[in-house]
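Notes follow the structure.
The values are calculated or read from the model by the stated rules, or taken from the named source; none is laboratory data. Note that the structure is a prediction, hence the values are computed from the model and not measured. Here Cβ is always computed from backbone atoms with ideal geometry, including for glycine, and neighbour counts include all displayed protein chains. Just the protein is used for accessible areas: all its heavy atoms, side chains included, with ligands, DNA and RNA removed. Shrake-Rupley method; radii C 1.70, N 1.55, O 1.52, S 1.80 Å.
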Amino acid sequence: MSGGLGLEQRYRRVLRVLPGYYRDRWEEDMVAAFLDSWLTGDPYQDECIMGYCRPTWPEVASVAGLAARLYLGGAATPRRYFAWGQAVRNAVLAVLLMHAVLGLEVLVRTAWSRRLFGLPAPPASLAVFSPGGVWPAVYHVVNVAWVVIFVALALGHCRTARVLAALAIVPGLAALLQAQVTGVMPAPFGPWAWWVLFSLAPAMAAFHSDAPPPARLPWLLALPAGYLLVFGPVLALLATGNAAWLPDWPGVCCLLAALACLAHAPRACSRRAAGSGVWSLTLTLLAAAAGTYRIVTLGGYLHDPHLIQVSLAELLLLVAAAALVAPDAARAQAATPAPPYPGAIAAV
């Protein structure tokens, strides 16, 4: 049956997306299970099936989803996959923390400007006057949603967070598409680079059933601490009329990532701190995202050499800080023998 290997080889090509350690153990069983789902027992029909049929799209999608879960593995996977999984999960939480801090700022400034809860009127430089209409209301709802998403994920409600994140990115995409057509952004959503790097990516979170839950208390405490760290100086500069000292948001992302790398560098360089490698890899990922965002947004400053120089200085600082933790990040991916993996074809 010369054509009998056709379907089998097609399945084997699909399974190449799986990590090698998993494929070595389970490929034969998975191929056999896939083929058994096709075979009818009739020799002629089976020969035609084996020669001309192809894996279905749902099967391909299930293998791709399994590959994503394995590459961003949980505690039962080899060290390099566990390190990448933890780093991506930490990076997703950090990005969601940034969204939540921005959402908290919108809520605080809006409540202050409208003197809710008996608050005194803010200085004129800090007042926020939101225009009426649907889009500003949608923008505020999305900001509240990011706060809820971050808290839900920090508390371990991964499925709820994923669903809400998938919904929260839709208004930003709609606003960007409308701006692409009309040339006018209907609400203060971010540019395409922001949506892809910091909205779409967190919506595709690497949290799954095999992943260890996040440390709840540190992440929840990071929300008010992050707000004070980021917007405490911002509000002080705005209140004193020194808004010109404020960097743009890509610059803020670069500075925050650089400061985080510098704060972590002593642990990364000591080589003795437990878990430092995963955090070094996390910070390297965040630095790469912030640097990409900074580079993509440089095009808006081509008319101003001074702003170009400032942006390049921010980028240089980020690269220098990330270089301090990059060696530790590389060490975190050192391979170890694959432990027994409890899942099999049921994972597909």
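Assigning unit charges at the beta carbon (Lys, Arg +1; Asp, Glu -1) and nothing else, what dipole magnitude in debye, to the nearest 20, does the chain show about its Cα centre?
900 debye
Kindly state, to the nearest 0.05, the FRET efficiency for T110 paired with L177, given R0 = 30 Å and r defined as their beta-carbon distance.
0.70
Roughly what angle does helix 20-36 make with the longest principal axis of the chain, taking Cα atoms, 0 to 90 degrees, to the nearest 10?
Tilt relative to the chain: about 60 degrees.
Mind checking the full-extension length gain between L262 and D24? Use 0.36 nm per residue of separation minus the Cα-Cα distance, one decimal, nm.
Result: 81.6 nm gained on full extension.
So how tilted is helix 5-15 from the main axis of the chain? Cα-based, degrees 0 to 90, rounded to 10.
For helix 5-15, the angle is close to 30 degrees.
Given the rule -39500 (n - 2.57) for each run of at least 4 DSSP H residues, summed and divided by the residues of the chain, what is its mean residue ellipticity at 222 nm, to the nearest 500 deg cm²/dmol?
-22500 deg cm²/dmol
Let me know the volume per residue of the alpha-carbon convex hull for the chain, in Å³.
191 Å³
Along the positive direction of the dipole of the chain (beta-carbon charges: Lys, Arg +1; Asp, Glu -1; about the Cα centre), which of L229, F150, W249 reaches farthest?
L229
Provide, for q = 0.14, 0.18, 0.24 Å⁻¹, the log10 of I(q)/I(0) from a solvent-free Debye sum over equal Cα point scatterers in segment 224-292.
-0.54, -0.77, -1.04
How do the peptides 223-235, 146-158 rank, highest first, by the average count of neighbouring beta carbon atoms within 10 Å per residue?
146-158, 223-235
Roughly what angle does helix 79-113 make with the longest principal axis of the chain, taking Cα atoms, 0 to 90 degrees, to the nearest 10?
The angle comes out at about 30 degrees.
Highest GNM mean-square fluctuation, the chain, Cα pairs closer than 10 Å: which of G51, G65, G103?
It is G51.
Can I get the semi-axes of segment 145-258's equivalent ellipsoid? Compute them from the C-alpha gyration tensor as square roots of 5 times the eigenvalues, in angstrom, largest first.
27, 23, 11
Per the 1.4 Å probe, what fraction of the accessible area of segment 231-284, in percent, lies on carbon and sulfur atoms?
Carbon plus sulfur share of accessible area: 69 percent.
Taking every eigenvalue of the Cα gyration tensor of segment 28-96, multiplying by 5 and rooting it, what semi-axes result, largest first, whole Å?
In descending order, the three semi-axes are 38, 13, 7 Å.
If DNA, RNA and ligands are ignored and the probe is 1.4 Å, what is the ranking of H264, H306 by accessible area, most exposed first?
Correct descending sequence by accessible area is H306, H264.
Along the Cα→Cβ direction, 7 angstrom out, place labels at C53 and V252. What is the inter-label distance in nm?
With each label point 7 Å from Cα toward Cβ, the separation is 5.6 nm.
A152: net charge of surrounding residues, Cβ under 12 Å, Lys/Arg +1, Asp/Glu -1, itself excluded?
+3
Order 33-39, 181-187, 85-91 from most to least packed using the mean count of other Cβ atoms within 10 Å.
The peptides rank, most packed first, as 85-91, 33-39, 181-187.
Give me the accessible area per residue for the chain, probe 1.4 Å, as a whole number in Å².
52 Å²
Apply 1/(1 + (r/R0)^6) to the Cβ-Cβ distance of V184 and A33, taking R0 = 41 Å, and write down the FRET efficiency to the nearest 0.05.
Once the sixth-power term is evaluated, E becomes 0.15.
What does the charge count near T40 come to, summing +1 for each Lys or Arg and -1 for each Asp or Glu among other residues with Cβ under 12 Å from its Cβ?
That works out to -4.
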